Amino acid sequence: MKRNCNRVVMQFKGHFTTQVCLLFFIISRCFAYFNFKEDNDCFCQLQGRIDDCSCNIDTVDYYNNVKIYPRLRSLLNKDYFRFYKVNLKKECPFWADDSRCAIRYCHVETCQEDIIPSGLKGEPKPVEKYKADSNCKDDHNVELGYLNTTISKQAREEFVIWTNYDNAQENFCLIDENDSEAEYVDLLLNPERYTGYKGVSAHRIWNSIYMENCFKPRNSFHTYIQSEKLNHMCLEKRAFYRAVSGLHSSINIHLSAKYLLSDKDEFGIDNQGKWGHNVEEFQRRFSPETTNGEGPNRLRNLYFIYLLELRALAKASPYLEREQYYTGNEVEDWDTKLAVKDLLGIAKSFPEHFDETNMFIGGEHAKKLKGEFKHHFRNISAIMDCVGCDKCKLWGKLQVCTCIFVDLLLH
């Protein structure tokens, strides 16, 4: 089991740390937004135990606001987390891509080659070489030290085939890092916010995710599952739905918090627009009156996915603590490594982690269900290539890789 966990982390470690920290940061901002009006009677002031978890909402609020969020806010300005490699040019594999967004706020500025840190581009970290005056040659025997390092062309080709097969079989989502068309994006210059992308195209994305890839109770034909029906499903299927719903809530809250209020800035100049909180939009998406009573439950699912990520971060900490976080800037790299180690220590000290050991323990049926998990998560990550807004696609692809956390927890 330890080796499988190692495989997941080592394969995705750059993406894993970037994504989990960014998602924590996004969700942390979401929690802060709950208190925007500081109204104790607001539906967004949640209380009680988090569904399918052992801790209370108040515990997560305190831990996030006091310990997690302040550290993330500083950490995510570091170059290692600021630059993200992604392919925004993939074609939609499920339907004709007829929804390219022409709104200027949908555009993503990719990075010029000369501003990408050398370490992120693959340049090796300098290592100390043996000194020229070393006497090692005196003890070197060429014959005894000979090692045949040649590999046949056929063996190399087979390695590639088996590597691709392993990736296809084991990965819970599709990663762009090694894609030839992937480019680096500066996330600080391309923040997640409402761009104006909406309508049929945007609804088709979420309808496809919920209707075709989420587990459904019998005789349920609605896009979203009502809480009373969700509670009758098994733990694994509930966890899948809560994770997707929590991700959706995270995106909706962030878009409401950074909403395009006007094309002109506060001085009336048509420049970069005026962005700010849109309380009416938040209420439309989450108020009980506009969601048949389900809005607060969707907010609770945000806490569920937060605990999922926190547990995954703690579980991966032995491997992530050994990562160098190398960008080529020696001083900042050292600060980043220390900051990540500090964050991992906080994650490990959380008293009531999500308990994944109760999942997939039913023999052949559990094995089959786990395969369905993987298939659905891979589909959802592929659906992100169907998003018509490049900026929405960027942040959607990053956040949907929450499935990396599920992959890690289940190994």
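Which of (1) touching a Cys at 6+ places or on another chain (Cβ under 6 Å); (2) in a loop (DSSP other than H, G, I, E, B); (3) hydrophobic (A, V, I, L, M, F, W, C) does Met233 not meet, given it meets every other one?
It fails just one condition, (1).
Just checking, how many residues over the range 353-365 are surrounded by fewer than 16 Cβ atoms within 10 Å (Cβ to Cβ) and not β-branched (Val, Ile, Thr)? Can you show your working first?
If we filter the range 353-365 for residues that are surrounded by fewer than 16 Cβ atoms within 10 Å (Cβ to Cβ), which is where we start, we get 355, 357-358, 361-365.
Okay, now just the ones that are also not β-branched (Val, Ile, Thr), so 355, 358, 362-365.
Within the range 353-365, residues that are surrounded by fewer than 16 Cβ atoms within 10 Å (Cβ to Cβ) and not β-branched (Val, Ile, Thr) number 6.
In the range 216-250, how many are over 20 Å from the mean Cα position of the chain (by Cα) and closer than 22 Å to Pro93 by Cβ?
So the answer is 1.
Give the range 358-405 a look and list any residue that's among the small types (Gly, Ala, Ser) and either assigned to a helix (DSSP H, G or I) or without any contact (Cβ under 8 Å) to a residue 24 or more places away in the chain (or both), or say none. Can you show your working first?
Within the range 358-405, the first condition is being among the small types (Gly, Ala, Ser), and the residues that meet it are 362-363, 366, 371, 381-382, 388, 396.
Scanning the range 358-405 gives Gly362, Gly363, Ala366, Gly371, Ser381, Ala382, Gly396.
Given the conditions (1) outside any helix (DSSP H, G or I); (2) free of Cβ contacts under 8 Å to residues at least 40 places away in the same chain; (3) open to solvent by 20 Å² or more (accessible area, probe 1.4 Å), which single one is not true for Tyr197?
Here Tyr197 clears every test but (2).
Cβ contacts < 7 Å: first residue open to solvent by 70 Å² or more (accessible area, probe 1.4 Å) and in a loop (DSSP other than H, G, I, E, B), restricted to the range 312-340; second residue of a type outside the set (S, T, N, Q) and at pLDDT below 90, any location; separation 6+ or different chain. Result?
The qualifying pairs are Gln324/Lys125.
How many residues are open to solvent by less than 30 Å² (accessible area, probe 1.4 Å) and either among the hydroxyl-bearing types (Ser, Thr, Tyr) or in contact with a Cys (Cβ under 7 Å, 6 or more places away or on another chain) (or both) when one looks only at the range 204-226? Give the derivation first.
So in the range 204-226, the residues open to solvent by less than 30 Å² (accessible area, probe 1.4 Å) come out as 205, 208-210, 213-215, 217, 220, 225.
From what's left, either among the hydroxyl-bearing types (Ser, Thr, Tyr) or in contact with a Cys (Cβ under 7 Å, 6 or more places away or on another chain) (or both): 205, 208, 210, 220.
Going through the range 204-226 one residue at a time, the tally reaches 4.
Mind listing whichever residues of the range 98-113 are farther than 14 Å from Glu183 by Cβ and either open to solvent by 60 Å² or more (accessible area, probe 1.4 Å) or not in a loop (DSSP other than H, G, I, E, B) (or both)?
Pass one, the range 98-113, residues farther than 14 Å from Glu183 by Cβ: 98-106.
Answer for the range 98-113, where residues must be farther than 14 Å from Glu183 by Cβ and either open to solvent by 60 Å² or more (accessible area, probe 1.4 Å) or not in a loop (DSSP other than H, G, I, E, B) (or both): Asp98, Arg100, Ala102, Ile103, Arg104, Tyr105, Cys106.
Going by the conditions given, is Phe304 open to solvent by less than 20 Å² (accessible area, probe 1.4 Å), of a type in the set (Phe, Trp, Tyr), within 26 Å of Cys42 (Cα to Cα) and at pLDDT below 95? Steps first, answer last, please.
Numbers: open to solvent by less than 20 Å² (accessible area, probe 1.4 Å): yes; of a type in the set (Phe, Trp, Tyr): yes; within 26 Å of Cys42 (Cα to Cα): yes; at pLDDT below 95: yes.
For Phe304, the condition - open to solvent by less than 20 Å² (accessible area, probe 1.4 Å), of a type in the set (Phe, Trp, Tyr), within 26 Å of Cys42 (Cα to Cα) and at pLDDT below 95 - is met.
Identify all residues within the range 303-345 that are of a type in the set (Ser, Thr, Tyr) and on the phi < 0 side of the Ramachandran plot; write none if there are none.
Taking the range 303-345 first, the residues of a type in the set (Ser, Thr, Tyr) are 303, 306, 317, 319, 325-327, 336.
If the condition is that a residue be of a type in the set (Ser, Thr, Tyr) and on the phi < 0 side of the Ramachandran plot, then Tyr303, Tyr306, Ser317, Tyr319, Tyr326, Thr327, Thr336 are the ones that fit.
Within the range 346-371, which residues are among the acidic types (Asp, Glu) and either over 15 Å from Ala243 (Cα atoms) or touching a His at 6+ places or on another chain (Cβ under 8 Å) (or both)? Spell out how you get there, then give the answer.
We begin by selecting, within the range 346-371, every residue among the acidic types (Asp, Glu); these are 352, 355-356, 364.
Correct list: Glu352, Glu364.
Pairs please, first residue from the range 172-186 and under 8 Å from Asn87 (Cα atoms), second anywhere and modelled with pLDDT under 75, Cβ atoms under 6 Å, 6+ apart in sequence or on different chains.
If the second residue must be modelled with pLDDT under 75, the pairs left are Ala182/Asp176.
The values are calculated or read from the model by the stated rules, or taken from the named source; none is laboratory data. This one's a predicted model, so the numbers in the text were calculated from it and none came from an experiment. When we count neighbours, we look across all protein chains shown, and the Cβ atoms used for this are built from the backbone with ideal geometry, even at glycine. Ligands, DNA and RNA are stripped out before the accessible areas are found, and what is left, the full protein with its side chains, is counted by its heavy atoms. Shrake-Rupley method; radii C 1.70, N 1.55, O 1.52, S 1.80 Å.
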